[in-house]
1. I'd like to know how the chain sits against the 2.2 N^0.38 Å rule of thumb: what's its Cα Rg over that expected value?
2. Mind pulling the angle between the C-alpha long axis of helix 307-323 and the longest principal axis of the chain? Nearest 10 degrees, somewhere in 0 to 90.
3. If the reach is capped at under 14 angstrom between alpha carbons, list the aspartates and glutamates near Lys107, excluding any in the same chain fewer than eight residues apart.
4. When all C-alpha to C-alpha distances in segment 24-104 are sorted into bins of 5 Å, what percent of pairs does each bin hold, rounded to whole numbers?
5. Helix 25-37: angle to the longest alpha-carbon principal axis of the chain, degrees 0 to 90, nearest 10?
6. Return one number: the angle in degrees, 0 to 90 and rounded to the nearest 10, between the long axis of the Cα atoms of helix 8-22 and the longest principal axis of the Cα atoms of the chain.
7. State, to one decimal in nm, how far the label point of Asn57 lies from the label point of Thr312, with both points 7 Å from Cα in the Cβ direction.
8. Based on the inverse mean of 1/r over its pairs of different Cα atoms, what is the Kirkwood hydrodynamic radius of segment 51-171, in Å?
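Taken together, the values in this text are just the output of simple stated rules run on the coordinates, not laboratory data. This is a predicted model, so every value here is computed, not measured. Quick reminder, even Gly has a Cβ in these numbers, built from the backbone with ideal geometry, and neighbours come from all protein chains shown.
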Amino acid sequence: MALPNDNTREILAAQAHIWNHTFSYINSMSLKCAIQLGIPDIIHSHGRAMTLSDLVNALPINNNVKTLDYIFRLMRILIHGGFFNKIKVNDKEEGYLLTPASCLLLKDEPLSQVAFVQTELDQSFMDPWHSLIKWIRSDHDNSSTPFAISHGKPLFEYDETQPNINRQFNEIMASDSRLVISVLIKNCKGVFEGLKSLVDVGGGIGIVGKVLADAFREMNCIVFDLPHVIEGCEGSKNLCYVGGDMFKFIPSANAILLKWVLHDWSDEECIKILKKCKKAIPSKEKGGKVIIIDMVLMDRKIEKGDGKSYETQLFFDMLMMVHVSGKERNQQDWAKLFCSAGFSDYNIIPMLGLRSIIEVFP
């Protein structure tokens, strides 16, 4: 078919746009390969810009001419993706350096994202995306998800039967908790000041609880999670662990902390959780509140100015739809949940990049 001259450029650009989206998985899989090869740690251990030949010699692979070409091409796309830099080492050679992104891929980095990348790109987490169309077409109930269709059980039940995935999930939450709590203590201390007690619902192994207990000696902290999650965890003078189900009860305290919890659940389930929280805290006048750390989807007007962050939020929203029964919410969505659960007011503090702190008052 002949194309009108004034339309050719637009159609070719549209084709490239489709191709880029179709092949975007190549970025993810290239990153996964680099992590599996240990490239970030090898370059870091080298202590200076590392040439291609030195890198290939250090990798746990057979070294030949073809391998040299393979690693060169792998590094080229990762440089384009912002994971490595390339500088001149001498007149003939260039060397690779880490970027802030690849520094977060070092195995001994406390804020390491390695477990996150490996888990989300694991076969068991990729398979549900192939069930998305079946799920959309089916007459499913609210508890059904593409993940459940793919694996025969919901994500959280599946994790309990997979020790390796459960371990990686704990690593993901621990790493994220270290980052979040460091920002909170540095920039948002006022959110916790004056509280006599706090329950960290879904607090895992207690990374956030431990830091809060150390930072606020006058506050009693309770880490509340499923019994198998907190098994073996030891408390301290003002920190203890309690096992239970947040849909059945939540221990009483001045404040309830829900870090990255509510986005896992549907609106109906969130309202149930929030109502349990409301029962567990005193009135606003007596200092009662719920502290939520979760995403607040950006307004479309902001999208043009911060398109990457908005896109990442949309990625997470689709992830919640495919893996669990949850969603990411905008300010109006959150307000509706709080009202439905019987809360009177809320305050959003956008201090955590893609996520925000939300104080909710009874």
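1. Values: Rg = 23.5 Å, N = 362, 2.2 N^0.38 = 20.6 Å.
In units of the 2.2 N^0.38 Å rule of thumb, it is 1.14.
2. 70 degrees
3. Partners within reach: Asp41, Glu171.
4. Spelled out per bin, shortest first, that is 3, 15, 29, 29, 18, 5, 1, 0.
5. Helix 25-37 and the main axis of the chain meet at about 90 degrees.
6. 60 degrees
7. 3.7 nm
8. Working: mean 1/r = 0.0564 Å⁻¹.
Radius from the Kirkwood sum: 17.7 Å.
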